[in-house]
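Chemist: Take a look at the following structure, please.
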Amino acid sequence: MASIPAEQSALILTRSKPLRLLTLLLFYFTQGFPIGLFFYAVPTWMAANGAGTGEIGAVVATASLPWSLKLINGFLIDRYTFLPMGRRRVWIIGAQALIVLILLAGAVIAPEHSDIAMLSAIGFVANMAVTFQDVGIDSLAVDIMEEDERAKAGGIMFGAQLLGIAATTAGGGALLAASGISACLMVGAVVPGVVMLYGIIIRERSGERRLPWTHGQSHRRNLDIQVEAWWPLLVNAVKAIIVPLSLMLIPVLLFRSLPWGGFESFHPILFQDVGGWKLTEYTNFTSTLGLATGVVGLVVGGWLIDAIGAQRSMLIAVIIGIALLIIMGASQSLWSESWFLMGFAGAIEFVGLFYAIAMIPICMRMCSPAVAATQFTIYMAVGNFGRPLGASLAAMTAGQGHPQLFYYTLAGIWTLVAVVIYFARFPEENVAEHEAAHELPQAEGIAPIRD
């Protein structure tokens, strides 16, 4: 009986749970590098050198733009790929390479703090590369993660990215102050470069190529589900989203980030004008809280969600969140007390963390493999739409002199979310692939549609 050579069976994601989790950890950690640099470290460096709010805002806004266009990435990644290297790796490696190249190019160009156009361009390209890497890794996780790994994957996704942002913000800020932007960007390219090499040596499935010019072939499973025409991809993505259970998931995703959009608008005013905090005290507290939640999410978040169950965990988080919001709204007399503000902010932040981690395995289970990048990206995009809605809610309530109404309204909306979570029966395993096989032309055992 023939055996597979050791070289052909090594470092294959579908054969190793530790390798799959390590892959998520490494790539999500490096996502934090461009985010930390261009959302935090570079703006701080610019401010320290006399740049104005408008100039800093232009760089941050341009760097943020690719994240608002991320929905397009899912369609491109599902539609175009190089199957001999797997369905996702060519996009992941290419995006990671672009992160490295743009940071090195920025180090060579060495823009001054006043060179707004060049800083904006570097920030835009770096974050565009991160969004493609993000969608590629997310869809890879949907493709290859086993059911008992999905909650752990959610914890790793949120925790590793937060740690990458924290590390780059601190390290990048120190390098910018001590050695300038060239050293900062050059050092910032090292870890993403090493992770890119890691992405080259692993493979998704047995028999695939590591690089386009090496030996290997497309896996049969990927050939069976790949959609190679735009119309079937669009139709199948819509079909997957409008399934009744998927529609029930939409408000659960949409309203998850609603409170944080409001907090980002109202809490700086609350903490400073009512609580008496200084600006640096508030920013230091929020950054420390972000680091703490990242560590907890990475270390115990996925394990805890896995032990309790994703849907049950989400319901518990929402109920605790409702209680916290009602207490906050009813305790206006305590808003000037630092211990109360810190206690509420810390508690609600951890509620949001576990809510977010719990929704990841549910979203993965709902995804049809052939349109996983598109469908999962739509779910994540819906989750982000809650932020601007929350900011608008804060403006209409707290901004009009009714801050207590802000918290009560959030509690009321989350009560509706709790009702949906309680009555819905989201899948406990990935049944979407099997259900879709009866309707979608790219599903199990049926040849793909081609132009």
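Chemist: Search segment 184-203 for residues that are within 18 Å of P84 (Cα to Cα) and in a helix (DSSP H, G or I) and pair each with any residue that is at pLDDT below 95 and among the charged types (D, E, K, R) when their beta-carbon atoms are under 8 Å apart and the residues are at least 6 apart or on different chains.
Modeler: G199/R89; I200/R210; I201/R210
Chemist: Yes or no: A166 part of a helix (DSSP H, G or I), touching a Leu at 6+ places or on another chain (Cβ under 6 Å) and either outside the structural domain of D306 (by TED's automatic domain parsing) or closer than 18 Å to L104 by Cβ (or both)? Steps first, answer last, please.
Modeler: Values: part of a helix (DSSP H, G or I): yes; touching a Leu at 6+ places or on another chain (Cβ under 6 Å): yes; either outside the structural domain of D306 (by TED's automatic domain parsing) or closer than 18 Å to L104 by Cβ (or both): yes.
Spelling it out, A166 is indeed part of a helix (DSSP H, G or I), touching a Leu at 6+ places or on another chain (Cβ under 6 Å) and either outside the structural domain of D306 (by TED's automatic domain parsing) or closer than 18 Å to L104 by Cβ (or both).
Chemist: Please tell me if P369 is at pLDDT below 85 and touching a Lys or Arg at 6+ places or on another chain (Cβ under 6 Å). Show your work before the answer.
Modeler: On the way: at pLDDT below 85: yes; touching a Lys or Arg at 6+ places or on another chain (Cβ under 6 Å): no.
Here the answer is no, as P369 does not meet what is asked.
Chemist: Restricting the first residue to segment 112-137 and requiring it to be part of a helix (DSSP H, G or I), which pairs with a second residue that is at pLDDT below 90 and of a type in the set (D, E) meet a Cβ separation below 6 Å and a spacing of at least six or different chains?
Modeler: Between residues of segment 112-137 that are part of a helix (DSSP H, G or I) and residues that are at pLDDT below 90 and of a type in the set (D, E), the close pairs are I116/E55.
Chemist: When A381 is evaluated against the numbered criteria (1) small (G, A, S); (2) at pLDDT below 80; (3) over 30 Å from R88 (Cβ atoms), which criterion, by number, is the only one it fails?
Modeler: (3)
Chemist: Follow-up question, since we're still on this one. Based on what the data block shows, is A323 small (G, A, S) and at pLDDT 80 or above?
Modeler: yes
Chemist: Do you know which of the residues in segment 203-260 that are at pLDDT 75 or above and of a type in the set (K, R) is farthest from the chain's Cα centre (by Cα)?
Modeler: R209
The values are calculated or read from the model by the stated rules, or taken from the named source; none is laboratory data. Note that the coordinates shown come from a computational prediction; the quantities given were computed from them, not determined experimentally. Cβ: placed from backbone, ideal geometry, glycine included. Neighbour counts: every protein chain shown.
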